[in-house]
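The values are calculated or read from the model by the stated rules, or taken from the named source; none is laboratory data. Everything numeric in this text was worked out from a predicted model, so none of it was measured. Quick reminder, even Gly has a Cβ in these numbers, built from the backbone with ideal geometry, and neighbours come from all protein chains shown.
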Amino acid sequence: MYDAALKLVGSQPEPISVEEYARRVNRLTAQLRPGDLLVIPSSPSAVHSNDVHYPYRTQSDMLYLVGWDEPEAVLTVHHSDDGWIRTLFVQPKDTLKEIWEGRRPGVEGALKGWSVDAAHSCDDMEEKMNELLSSSKRVLMRTGIRSDLDSLVMQSLERRDRARQHFGTGPTSMEDPSARIAELRLRKSPAEIEQMRFASDVSSIAHVAAMRNTKPGRMEYQLQATIEGFFAYAGTSGWAYPSIVGCGDNATVLHYHQNNDVCEDGEVILIDAGAEYRGYAADITRSWPINGRFSEAQKEIYQLVLDAQLAAIDKCRPGLPYNAPHDEARRVLAEGLIDLGVIEQTLDEALDLETGDLRKWYMHNTGHWIGLDVHDVGTYKPNGEPRLLEEGMVLTVEPGLYFGAWRPDVDCPERYANLGIRIEDDVLVTANNPDVLTAACPKTVEEIENITGKPF
Ligand code: GLY
Ligand code: MN
Ligand code: MN
């Protein structure tokens, strides 16, 4: 099955070039002044149990600025007579450690293959960092990631030694650079979009594989395994976020994660799963009938969510506010639920955020930025005003309706009891029409019914 699925996936794109990493850093340093020291720490690795670690995933800002994905690294950027200097501190070559834990690029490898001007062993980080700090005036670093770095920087800020008194050296202020980097990350380059397109293709075809592998009696975790197995088979690093695989009323729990129920005849399953490729996420949700045919009631809700999603995608255009897709999805869903007799309010009443009945069945936002983080960085309301969409931004569009008959807070319509539908795609804003990166994942009723339960 995986070989048949793999044929449908586009080829792996070229990695991000060293020139592009240099451009990214240049865009950042163009906002800085001599005397600034930028410090980008990597995340610490996390223990799974005893001496077993979780697979390592570094900070997205580290990936964005230099593409280094090994643990313990620190990137610094400081100004010298030669301009801005990028220095990477990395785990040094160490044969014994490499025998146990895997090969390391080391200092020489970093200098050869990555977009940096200097590289040092992380064993020398404290000494070299103190030198960099003493010749800086302002440190740009996000705290709370590496406590050892936090301490070094704090000590340096607090130091009142003779060098500072004589020469006025050492930092006097600190800034979190996250917002500046987020502004850059919000607008994706063509090379980034190619990584996202590949993650999206793999994720789309993984959903198709799961649809084909669906039948009554399947366990939710078996469909999860189909999807995540294909993520690995296709050469991605795995999931971008834990897969949500819920059939029947489990689909009405937004962040359902147990994935251990049996898929029953007559139920609809909701799967929200996306792969990560070279750090870039895809985020797809599809909902399909376990027996391959939607009932009339299921079809009514499915088609309404799909209509809302298509209308919302059409609002992913330059110049429109980021929340235009959300407002459009809410409007279509509310109108549809009024027509179906689920909501007995006027449209305006149904849409009211406090008292409207739409919130009973649709309680989340319609999307979020996506990129190196599945919920990617970038403020939605800079200066309090909704951000206007621009070419190169990528956002998800994911309306849904959830009729949890188990909920004590609502009177669930019997016709739709325990039905949860969400349809989610990742959409690139372009000068022309919205570009649905996850378009390879089928979503019309007809397509889904033609695929579900049928082998490749
Ligand atoms: N999979 C997480 C989300 O859809 O936001
Ligand atoms: Mn999402
Ligand atoms: Mn999702």
* To do: Considering every residue within segment 259-280, establish whether at least one is within 16 Å of ligand 3 (Cβ to nearest atom), surrounded by fewer than 24 Cβ atoms within 10 Å (Cβ to Cβ) and either hydrophobic (A, V, I, L, M, F, W, C) or at pLDDT below 95 (or both).
  => no
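Quick one: which of ILE85, ILE145 is out of contact with any Leu (no Cβ under 9 Å at 6 or more places or on another chain) and either in a loop (DSSP other than H, G, I, E, B) or more than 20 Å from TRP68 (Cβ to Cβ) (or both)? Even if it seems obvious, please write down each step before you answer.
Details: ILE85 fails: either in a loop (DSSP other than H, G, I, E, B) or more than 20 Å from TRP68 (Cβ to Cβ) (or both).
Going through ILE85, ILE145 in turn, just one is out of contact with any Leu (no Cβ under 9 Å at 6 or more places or on another chain) and either in a loop (DSSP other than H, G, I, E, B) or more than 20 Å from TRP68 (Cβ to Cβ) (or both): ILE145.
Would it be correct to say that ASP61 is free of Cβ contacts under 8 Å to residues at least 40 places away in the same chain, out of contact with any Cys (no Cβ under 9 Å at 6 or more places or on another chain) and of a type in the set (Asp, Glu)? Outline the logic, then answer.
Values: free of Cβ contacts under 8 Å to residues at least 40 places away in the same chain: no; out of contact with any Cys (no Cβ under 9 Å at 6 or more places or on another chain): yes; of a type in the set (Asp, Glu): yes.
Criteria not met by ASP61.
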* To do: Might you check whether a residue that is within 16 Å of ligand 1 (Cβ to nearest atom), in contact with a helix residue (DSSP H, G or I) (Cβ under 7 Å, 6 or more places away or on another chain) and within 30 Å of GLU391 (Cα to Cα) occurs anywhere in segment 334-344?
  => no
* To do: Report, ordered by the first and then the second residue, all pairs with beta carbons closer than 7 Å, sequence separation of six or more or different chains, a first member in segment 360-379 that is closer than 24 Å to ALA251 by Cα, and a second member that is more than 10 Å from ligand 3 (Cβ to nearest atom) and among the aromatic types (Phe, Trp, Tyr).
  => TRP361/TYR402; TRP361/PHE403
* Asked: Here is a list of conditions, (1) within 20 Å of ARG103 (Cβ to Cβ); (2) not in a loop (DSSP other than H, G, I, E, B), and ARG57 meets all of them except one; can you say which number that is?
  -> (2)
* Asked: Does segment 380-413 hold any residues that are within 16 Å of ligand 1 (Cβ to nearest atom) and over 30 Å from ILE193 (Cβ atoms), and which are they?
  -> LEU401, TYR402
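Name the one entry in THR438, THR452, THR396 that is in contact with a strand residue (DSSP E or B) (Cβ under 8 Å, 6 or more places away or on another chain), farther than 24 Å from ASP327 by Cα and surrounded by 17 or more Cβ atoms within 10 Å (Cβ to Cβ).
Working: THR438 fails: farther than 24 Å from ASP327 by Cα; THR396 fails: farther than 24 Å from ASP327 by Cα.
Answer to the check: THR452.
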* Structure fact -> Just one listed residue, out of ARG185, ARG160, is among the basic types (Lys, Arg) and under 30 Å from THR438 (Cα atoms), and it is ARG185
* Asked: Here are some conditions: (1) within 21 Å of ALA199 (Cα to Cα); (2) more than 15 Å from ligand 2 (Cβ to nearest atom); (3) in contact with a strand residue (DSSP E or B) (Cβ under 6 Å, 6 or more places away or on another chain); (4) not small (Gly, Ala, Ser). TYR416 meets all but one. Which one does it not meet?
  -> (1)
* **Cβ-Cβ under 9 Å pairs, at least 6 apart or on other chains, segment 384-397 side farther than 11 Å from ASP435 by Cα, far side β-branched (Val, Ile, Thr) and away from ligand 1 (no atom under 16 Å from the Cβ)** => ARG387/THR379; LEU389/VAL429; GLU390/VAL429
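For segment 342-456, which fully contained helices (runs of 4 or more DSSP H) count at least 1 residues that are away from ligand 3 (no atom under 16 Å from the Cβ) and of a type in the set (Gly, Ala, Ser)? Give the derivation first.
Working: elements: 347-351, 358-361, 445-451.
The qualifying helices (runs of 4 or more DSSP H) are 347-351.
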* Residue tally, condition within 18 Å of the chain's Cα centre (by Cα) and charged (D, E, K, R), over segment 240-285 -> 4
* Structure fact -> Among (1) within 16 Å of ligand 1 (Cβ to nearest atom); (2) farther than 28 Å from TYR362 by Cα; (3) not charged (D, E, K, R), LEU254 falls short only on (2)
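Would segment 190-212 turn up any residue that is closer than 19 Å to ASN291 by Cβ, touching a Ser or Thr at 6+ places or on another chain (Cβ under 8 Å) and of a type in the set (Ser, Thr, Tyr)? Break it down into steps so the answer makes sense when it comes.
First, pick out the residues of segment 190-212 that are closer than 19 Å to ASN291 by Cβ: 207-212.
Adding the requirement that they be touching a Ser or Thr at 6+ places or on another chain (Cβ under 8 Å) leaves 209-212.
Adding the requirement that they be of a type in the set (Ser, Thr, Tyr) leaves none.
No, segment 190-212 has no match at all.
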* To do: Please work out which residue is nearest to ASP426 (Cα to Cα), limiting yourself to segment 344-374 and to residues that are exposed (fewer than 13 other Cβ atoms within 10 Å of the Cβ) and of a type outside the set (Asp, Glu).
  => MET363
* Could you please give the count of residues in segment 233-258 that are away from ligand 3 (no atom under 15 Å from the Cβ) and either among the aliphatic types (A, V, I, L, M) or under 29 Å from TYR64 (Cα atoms) (or both)? => 6
* Structure fact -> Quick count over segment 1-53, residues being without any contact (Cβ under 8 Å) to a residue 60 or more places away in the chain and in contact with a Ser or Thr (Cβ under 7 Å, 6 or more places away or on another chain), is 1
* Structure fact -> Picked from segment 336-382 (must be within 15 Å of ligand 2 (Cβ to nearest atom), over 16 Å from LEU184 (Cα atoms) and hydroxyl-bearing (Ser, Thr, Tyr)), the residue nearest to the chain's Cα centre (by Cα) is THR366
